[in-house]
Amino acid sequence: MPRKPPIRIKSPSDVELLRRSCRLAAETLLMVGDHLRIGMTTLEIDELVHKYTIEHGALPATLGYHGFPKSVCTSINEVVCHGIPSRRRLKEGDIINVDVTCKLDGFHGDTSATFFVGAVSPEARKLVEVTRRCLEIGIEQVRPGGRIGDIGHAIERHATQAGCSVVRDFVGHGVGRDFHEGPQVPHFGDTDRGPRMVPGMTFTIEPMINLGGWELEILKDGWTAVTIDRMLSAQFEHTVVVTGTGCEVLTERSRPLRHSEVFD
Ligand code: MF3
Ligand code: CO
Ligand code: CO
């Protein structure tokens, strides 16, 4: 994407269309949680997401996006993001981020969560809880008149206080008719920087938080981003709209996510 993609402020009718796409993305993630099992392959997750999306009149936005080959990203353990579904099987103790993007009636809804596969190590559990909290803290900064930099500043402070690091190579993004629009939303940096938030601005917040260092590399498949030190990385993502008074989380879930927000 260009370094400074345009920021498009949405009308109330655009926001309503985006809300519907985001709701479908949220429901898709809930469905994934309901089906998650030790021993399943990430290709099976891809098939579930593909089928569910199509059945609900939408398209999986990642399929063919700049050549991405699958309908969802599945990022296990040291994979930071953009993991490609494969025949790899989930094993007990893994953590896996599933990142769903629907395109419904021309608008993109983008959300992800990290799931626990069976019982996980205390470190993995800590990382996932820190990352979940980073997203919440980021969302708390969203208000008209604030600046995009406030979001990353708050996230970075929480992550570093917990002894974790924040990925710098990938950022949140404006979202709407385009999958990736402006503004870019870093999950680190100084407060009082970046574009001013105004009502109708829509973007994702999607912190990728690492137990070790923030540095990553891209595998030879051209997509899979992994931590250089091969330590664990987790991510949560919501799509939000700036409202007159604060923020609406468009991808908010209607119930807790199994294997992530509740433990079963
Ligand atoms: N859903 C990812 C994001 O949050 C982007 C995936 S693009 C893909 O921005 F090409 F890797 F699928
Ligand atoms: Co995104
Ligand atoms: Co996403």
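All of the numbers you see were taken from the coordinates with simple rules; none came from a lab. Since the model is a prediction, treat every value here as computed from it, not as a measurement. Virtual Cβ from ideal backbone geometry, glycine too; neighbours counted across all protein chains shown.
The tail of the calculated P(r) for the stretch 12-252 beyond 21 Å holds 53 percent of all Cα-Cα pairs. For the stretch 215-225, backbone phi angles converted through the Karplus equation (6.51, -1.76, 1.60; θ = phi - 60°) give residue-by-residue couplings of 5, 9, 9, 9, 5, 5, 6, x, 10, 4, 9 Hz, Gly and Pro being listed as x. In the elastic network of the chain, a GNM with C-alpha springs shorter than 10 Å, the most mobile of Glu181, Glu47, Glu78 is Glu47.
Under a Gaussian network description of the chain, with springs only between Cα atoms under 10 Å, the residue in Phe107, Phe170, Phe203 that fluctuates furthest is Phe170.
Cross-link pairs exceeding 26 Å in C-alpha to C-alpha distance, out of Lys4/Lys51; Lys91/Lys220; Lys70/Lys103, comprise Lys4/Lys51. Counted by Cβ distance under 15 Å from Thr111, the other residues give a net charge of -2, where Lys and Arg count +1 and Asp and Glu count -1.
The H on the amide N of Gly172, modeled in the peptide plane, is under 5 Å from the matching H of Val185, His187, Glu206, each at least 5 residues off or on a different chain.
Of Gly118, Gly172, Gly67, the residue with the greatest mean-square motion in the GNM of the chain, using alpha carbon springs below 10 Å, is Gly67.
A cut-off under 15 angstrom between Cβ atoms defines the neighbours of Gly200, and their net charge, with Lys, Arg +1 and Asp, Glu -1, is +2. The stretch 92-128 and the stretch 5-67 have Cα centres lying 13 Å from one another.
If R0 is taken as 30 Å, the Cβ-Cβ distance between Glu55 and Arg88 corresponds to a FRET efficiency of 0.70.
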